[in-house]
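The values are calculated or read from the model by the stated rules, or taken from the named source; none is laboratory data. Just so you know, these numbers come straight off a predicted model, no measurement behind them. As a convention, Cβ positions derive from the backbone with ideal geometry for all residues, glycine included, and neighbour counts pool all protein chains shown. For accessibility, only protein heavy atoms count, side chains too; no ligands or nucleic acids. Shrake-Rupley method; radii C 1.70, N 1.55, O 1.52, S 1.80 Å.
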Amino acid sequence: MGDIFSHLWDGAVFALSLWNILAIIIGYAIGIIAGAIPGVMAVTAMVLILPYTFTLEPLFAIALLMGIYKGGAYAGSITATLFNIPGTPEAAATALDSYPMFKQGMQKRSLEIALWASVFGGTVSNFLLVFTAPPLAEVALRLGPSEIAALILFSLTAVITLLGDSRMDIWKGFISITLGLMLATVGLDNMSASRRYVFGIEDLDNGVPFVLTIIALLALSEVFIQAEKVGGFTLGNATQAVSKIIPYTWKQRWQDLKICLKDLIRSSLVGSLLGALPGIGATTAAFVCYGEARRSAKKNARFGDGDPRGIAAPEAGNNAVAASSLIPLVTLGIPGSVAAAVMYGAFMIQGMIPGPMLMMEHPEIIYGLFVLLIVTDFLGAFVVALPFISVVQKIFKNLNYSLFFPGVVVCCVVGVYAEEFNVFNLRIFLALGFVGYIMRKMGMSIPPFILAFILGPILERNTRTALLLSNGSPMIFLTSPITLALLILAVAALGWSLWRKTRGNGSVLEVPDEFKH
């Protein structure tokens, strides 16, 4: 414990510079704007900025990206409250009570509850990351290649089983992950250096670039989807007049805090737990926390009609995911979410390989990141978000956000080309963007594809290393107790999920289809 506080102090001294604090503020502001525009989201802004972090200092780049993620995690609730249009998928749960509260004239109350719930959930998750990451990293160093391969397989299986609302969703998730693993095999074999699936194209020898893939699948495919909706739609069209604005007093703030405290604590812990499981994501966490708050409430609760707990619970839950999704990243090198996958790319760009050795080789960077995460929640909320709330309705009232997407395309093209200055990459970018568009139209989830693409090389390398150590015998995966337990859990989770969907039982994990992707 003493070592943790010592490292935190060193990290604070290393990280808390004027430039890094400025990066937090800039990033949080970008995240709020991106998160408040439906269809853009903070992750899109992160992937657009990622290629430009080549020339930045490591902590400045990471602080900028985390500021964007944290700001976007809150900002989705702004348009969810004012226009009943969630800026991010996870804000859909918040809109169930925030918009009814807004229609009653309590706009400021709704936005402030969402803000301090975001800070509460993010802070709890931050401290869980600080105190659980070091021991987990030490455990991870003792894992062999068979254990790591089984852990990744279990993680990918969990993505399929926990996000499916039907057997068809499970099969779609399975196909999405399979396609991601297949794309990860393109290029030179990482052990024998032989060519695989390049079809004679030398530009594919190094594989499909990570940054290109994530920008194409998330940003460009979203532009294609939004292009179908162009027709003069503005956020202002969704606005309904409110006869009077009811002030939000300090007495009401204190009462709301007392009412919501139990749900804040539970949602923060549940969100942190779900965030630490690779691939689950903030949307699922938000709906789970909302469902638990509603289930535990008394019969006279006003859920769906402006209950403050219906805002606080999902906001605390989805913001708790932000830090906890970094737990598997910094301890095992496994991104826990798409945003964590972008952070994975940021670390790689800076020449640092995420995983247990990262905490040993660059403790000042990791603990500096922990400190910046804690600072980001408070600094971003009170320096950026609170002033933004007072002007946000005027900014977005007549915004035709469809005009924003041509700029997104330009940033995408510039970022992809600047990574390697290779025109061929632009062709791959366009092709993958179209693939992402087709997947979305078919109801297939993009995040599992991206996670499988990132984890594929790690899974392959550890599987083949384990087989080399056992002279090709697959029994190595059955002789290790940890490996065997993880494989049994993976098969059991998949079988249980298919059986549960066959029976048609409902679950608090179920998320409406329109917000799933």
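Quick notes on this one:
- Any pair with Cβ under 6 angstrom, 6 or more apart, that starts in the stretch 358-371 at a residue that is free of Cβ contacts under 8 Å to residues at least 40 places away in the same chain and ends at one that is open to solvent by 30 Å² or more (accessible area, probe 1.4 Å) and hydroxyl-bearing (Ser, Thr, Tyr): none
- With respect to the stated conditions, THR44 is within 15 Å of the chain's Cα centre (by Cα) and either under 30 Å from ILE353 (Cβ atoms) or open to solvent by less than 10 Å² (accessible area, probe 1.4 Å) (or both).
- In the set SER146, SER155, SER125, SER118, only one residue is polar (S, T, N, Q), buried (at least 20 other Cβ atoms within 10 Å of the Cβ) and at pLDDT below 80; that residue is SER155.
- The residue of the stretch 342-365 that is most open to solvent (accessible area, probe 1.4 Å), among those that are in contact with a Pro (Cβ under 7 Å, 6 or more places away or on another chain) and assigned to a helix (DSSP H, G or I), is TYR344.
Residues checked against (1) more than 16 Å from the chain's Cα centre (by Cα); (2) modelled with pLDDT of 80 or more:
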site: GLN255; (1), (2): yes, yes
site: LYS258; (1), (2): yes, yes
site: LEU269; (1), (2): yes, yes
site: ILE280; (1), (2): no, no
site: THR284; (1), (2): no, no
site: CYS289; (1), (2): yes, yes
site: LYS298; (1), (2): yes, no
site: ARG309; (1), (2): yes, yes
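- Filter result for LEU82 (open to solvent by 10 Å² or more (accessible area, probe 1.4 Å) and of a type outside the set (Val, Ile, Thr)): no
- Taken across the stretch 90-112, residues that are touching a Cys at 6+ places or on another chain (Cβ under 8 Å) and either surrounded by fewer than 24 Cβ atoms within 10 Å (Cβ to Cβ) or within 26 Å of ILE446 (Cα to Cα) (or both) do occur, with at least one present.
- The set of residues in the stretch 442-483 that are in contact (Cβ under 8 Å) with a residue 12 or more places away in the chain, open to solvent by 60 Å² or more (accessible area, probe 1.4 Å) and either in contact with a helix residue (DSSP H, G or I) (Cβ under 7 Å, 6 or more places away or on another chain) or in a helix (DSSP H, G or I) (or both) comprises ARG461, ARG464, LEU469, ILE482.
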